[in-house]
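A.B. asks: Take a look at this one; I'll ask things after.
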Amino acid sequence: MKRILSIQDISCLGRCSQTVALPVISAMGTECVILPTAVLSTHTMFQGFTVKDLSDQIRPVADHWEKEQIHFDAVYTGYLASAEQIEDVCDVFRRFREKDTLIFVDPAMADHGKLYPAFGPEFPAEMAKVCAMADIVIPNLTEACLLTETPYPEEYDEAFIKALLKKLCAMGAKKAVLTGVGFQSGELGVMAYDPEKEEYFTYFSRQLPTSYHGTGDLFSSTCIGAMMDGSSLEDALKIAVDYTVECIRITAEGGHEKYYGVEFERAIPYLLRRMGKI
Ligand code: PXL
């Protein structure tokens, strides 16, 4: 069985980061080892959340795994809790990267043109160091703009997104994927760039009228889970778009509160059918 190391926070309530990565990756048939970057009562869009930063645990946990000679088929990072832990996360990449280990970085730190509340303006430059080591970096539009110091656009076209993808790869990542983009009204999806082949890839679905917290984490977890199952990046992106849209669709049926995340649990049978597993 393939084994992913997922490095992101545990938001105890709110369906994001590890509480999405663990069940989704497990359901897809890959072992999901976790390294929590912090423990929070909820994600940071709730008022009054508590947070315990676990920066001082990253190195000793990695030391132990190194002694045990643990192999990871992928190292996947999401929400990192503070600038203090950036260097130690980069060090985990250096220590556990073998020739077949995929480094997959979702620089979860911002959305809708704004940094998440726990971060100051210096944080994107720190996150850029993590992205520079990635085989695949997978930001949303806000994160890509912050990482590349590009002003966040009110409107954009395909040329703008292509240029942003090139900038992300110029910063060190081997491939870049931009999530949550669309070029026509009513469509939303992804655009990816492979600088070695100089090829772009797009996949869109219909844009639903509602949005929920944590769908970026759901998307990334599904994408890496599908790649570990043997899909190409392109096929994994299609599965991740389709599953995310299905989760949003069924959650909207229930008129669910947007901060509690999507009801991805109810769509796991859809995901397994979409992967051809059942
Ligand atoms: O879904 C991204 C995310 C992950 N973890 C924490 C967050 C957020 C987004 O706000 O606050 C703690």
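The values are calculated or read from the model by the stated rules, or taken from the named source; none is laboratory data. All values derive from a computational prediction rather than experimental measurement. For neighbour counting, all protein chains shown are included, and Cβ atoms are generated from backbone atoms with ideal geometry for every residue, glycine included.
A.B. asks: Among the residues of the stretch 172-217, what is the count of those that are under 25 Å from Arg249 (Cα atoms) and either in a loop (DSSP other than H, G, I, E, B) or away from the ligand (no atom under 16 Å from the Cβ) (or both)? Spell out the reasoning first.
C.D. replies: Of all residues in the stretch 172-217, those under 25 Å from Arg249 (Cα atoms) come to 177-192, 201-217.
Imposing the further condition that a residue be either in a loop (DSSP other than H, G, I, E, B) or away from the ligand (no atom under 16 Å from the Cβ) (or both) reduces the set to 177-178, 181-192, 201-214.
Of the residues in that region, 28 qualify.
A.B. asks: Based on this model, can you work out whether Lys175 counts as under 19 Å from Leu164 (Cα atoms) and surrounded by fewer than 20 Cβ atoms within 10 Å (Cβ to Cβ)?
C.D. replies: Details: under 19 Å from Leu164 (Cα atoms): yes; surrounded by fewer than 20 Cβ atoms within 10 Å (Cβ to Cβ): no.
Criteria not met by Lys175.
A.B. asks: Pairs only if they're at least six apart or on different chains, beta carbon under 7 angstrom, first in the stretch 107-123 and without any contact (Cβ under 8 Å) to a residue 24 or more places away in the chain, second near the ligand (Cβ under 10 Å from one of its atoms) and among the aliphatic types (A, V, I, L, M); list them, first residue then second.
C.D. replies: Within 7 Å, the pairs are Phe119/Met109.
A.B. asks: Which residue, of Gln47, Gln8, is of a type in the set (S, T, N, Q) and in contact with a helix residue (DSSP H, G or I) (Cβ under 6 Å, 6 or more places away or on another chain)?
C.D. replies: After applying the criteria, what remains is Gln8.
A.B. asks: In the stretch 130-153, is there at least one residue being of a type in the set (Asp, Glu) and over 29 Å from Ala38 (Cα atoms)? Break it down into steps so the answer makes sense when it comes.
C.D. replies: Within the stretch 130-153, the subset of a type in the set (Asp, Glu) is 135, 143, 149.
Those left that are additionally over 29 Å from Ala38 (Cα atoms): none.
Checked against the condition, which is being of a type in the set (Asp, Glu) and over 29 Å from Ala38 (Cα atoms), the stretch 130-153 yields no hits at all.
A.B. asks: Now for a separate question. Across the stretch 218-261, what is the total count of residues that are farther than 26 Å from Val33 by Cβ, outside any helix (DSSP H, G or I) and in contact (Cβ under 8 Å) with a residue 24 or more places away in the chain?
C.D. replies: 1
A.B. asks: Further, regarding this structure: So Val61 ticks every box in (1) more than 14 Å from the ligand (Cβ to nearest atom); (2) touching a helix residue (DSSP H, G or I) at 6+ places or on another chain (Cβ under 7 Å); (3) assigned to a helix (DSSP H, G or I) but one. Which box is left unticked?
C.D. replies: Failed condition: (2).
A.B. asks: Does the stretch 100-121 include one or more residues that are among the basic types (Lys, Arg), under 21 Å from the mean Cα position of the chain (by Cα) and exposed (fewer than 13 other Cβ atoms within 10 Å of the Cβ)?
C.D. replies: yes
A.B. asks: Can you tell me how many residues in the stretch 136-155 are surrounded by 14 or more Cβ atoms within 10 Å (Cβ to Cβ), over 13 Å from the mean Cα position of the chain (by Cα) and outside any helix (DSSP H, G or I)?
C.D. replies: 2
Residue-by-condition table, conditions (1) touching an Asp or Glu at 6+ places or on another chain (Cβ under 7 Å); (2) at pLDDT below 95; (3) farther than 18 Å from Tyr259 by Cβ:
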site: Arg3; (1), (2), (3): yes, no, yes
site: Ser6; (1), (2), (3): no, no, yes
site: Ser11; (1), (2), (3): no, no, no
site: Cys16; (1), (2), (3): yes, no, no
site: Thr19; (1), (2), (3): no, no, no
site: Gly29; (1), (2), (3): yes, no, yes
site: Leu35; (1), (2), (3): no, no, yes
site: Ser41; (1), (2), (3): no, no, no
site: Phe49; (1), (2), (3): no, no, no
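A.B. asks: Of the residues that sit in the stretch 224-278 and are more than 19 Å from the chain's Cα centre (by Cα) and β-branched (Val, Ile, Thr), which one is farthest from Leu178 (Cα to Cα)?
C.D. replies: Across the stretch 224-278, the extreme among qualifying residues is Ile278.
A.B. asks: Follow-up. Exactly one of these conditions fails for Asp63: (1) touching a Ser or Thr at 6+ places or on another chain (Cβ under 8 Å); (2) of a type in the set (Asp, Glu); (3) surrounded by fewer than 22 Cβ atoms within 10 Å (Cβ to Cβ). Give me its number.
C.D. replies: (1)
A.B. asks: Output the residues belonging to the stretch 9-51 that are on the phi > 0 side of the Ramachandran plot and away from the ligand (no atom under 14 Å from the Cβ).
C.D. replies: Gly29
A.B. asks: Looking at the structure I just gave you, is Val130 more than 16 Å from the ligand (Cβ to nearest atom) and not in a loop (DSSP other than H, G, I, E, B)?
C.D. replies: no
A.B. asks: If you don't mind, another one. Can you find a residue that is under 19 Å from Thr142 (Cβ atoms), within 13 Å of the ligand (Cβ to nearest atom) and in contact (Cβ under 8 Å) with a residue 24 or more places away in the chain anywhere in the stretch 83-105?
C.D. replies: Within the stretch 83-105, not a single residue is under 19 Å from Thr142 (Cβ atoms), within 13 Å of the ligand (Cβ to nearest atom) and in contact (Cβ under 8 Å) with a residue 24 or more places away in the chain.
A.B. asks: Looking only at the stretch 215-223, decide whether some residue is surrounded by fewer than 20 Cβ atoms within 10 Å (Cβ to Cβ) and either of a type outside the set (Gly, Ala, Ser) or under 15 Å from Gly182 (Cβ atoms) (or both).
C.D. replies: no
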